[in-house]
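Read the structure below first, then the notes.
We did not get these values from a lab; they are worked out from the coordinates using the rules stated. Since this is a predicted model, take the numbers as computed values, not measurements. Here Cβ is always computed from backbone atoms with ideal geometry, including for glycine, and neighbour counts include all displayed protein chains.
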Amino acid sequence: MKSIYSILLIFILIGCKGNSQETNKKTQKQYTVFKTENEWKESLPQMAYYVLRKSGTEIAFSGPLNNNKKEGIYVCAGCQSPLYKSEFKYDSGSGWPAFDRGIEKNLEYDVDYKIGYARSELSCNNCGGHLGHMFGDGPKNTTGNRHCINSAALNFIQTDEK
Ligand code: FE
């Protein structure tokens, strides 16, 4: 009889574990644009995949959009959702494109602790791609925020090309 209870207990424990994993999957956000890891890997340049899908960071001063001062719009390199306007861009001197604000409805904010302290992580709201981080050392005369964004996470559409 005791062994039956032991077997039952094991089934209950396995059942609970299964349920909690299922709940985690369900609570994960479903983005409008969904691709498998392999599909992302095949459809994106290597650096864009590393930044957007692996939350990587490109080397400072290495990105082609860091010094871009043209008028236009910055869209997500993963799904082309508009994220930043050129008038939000400023030179932070950090080596990454910096914006004092974004097109807020298309951005997602989260907190990560990857380097030991809390940072506000910025992602694309449409595909979930990692963009960069927000810091509070932006221009004091506007928002005071600095959206520090990887160049590889963005595509630039020049105004007169639209
Ligand atoms: Fe996106």
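Between N126 and any residue 5 or more places off or on another chain, the built amide H atoms are never under 5 Å apart. Label-to-label distance, E37 versus N155, with points set 7 angstrom from Cα along the beta-carbon direction: 2.5 nm.
Take 91-100, 31-40 and order them by the average number of nearby Cβ atoms within 10 Å per residue, most first; the result is 91-100, 31-40.
For L83, the residues whose amide H sits under 5 Å from its own are Y74, V75, C76, ignoring neighbours fewer than 5 places away on the same chain, with H placed 1.01 Å from N. At A60 and D110, where each label point lies 7 Å from the Cα along Cα→Cβ, what is the point-to-point distance in nanometres? About 2.6 nm separates the two model spin labels.
Spherically averaged projected area of the convex hull of Cα atoms, region 31-158: 7.4 nm². Here the Karplus curve 6.51 cos²θ - 1.76 cosθ + 1.60, taken at θ = phi - 60°, turns the phi angles of region 56-72 into couplings of x, 10, 6, 5, 3, 6, 9, x, x, 9, 4, 9, 5, 10, 6, 7, x Hz, with x standing for Gly and Pro.
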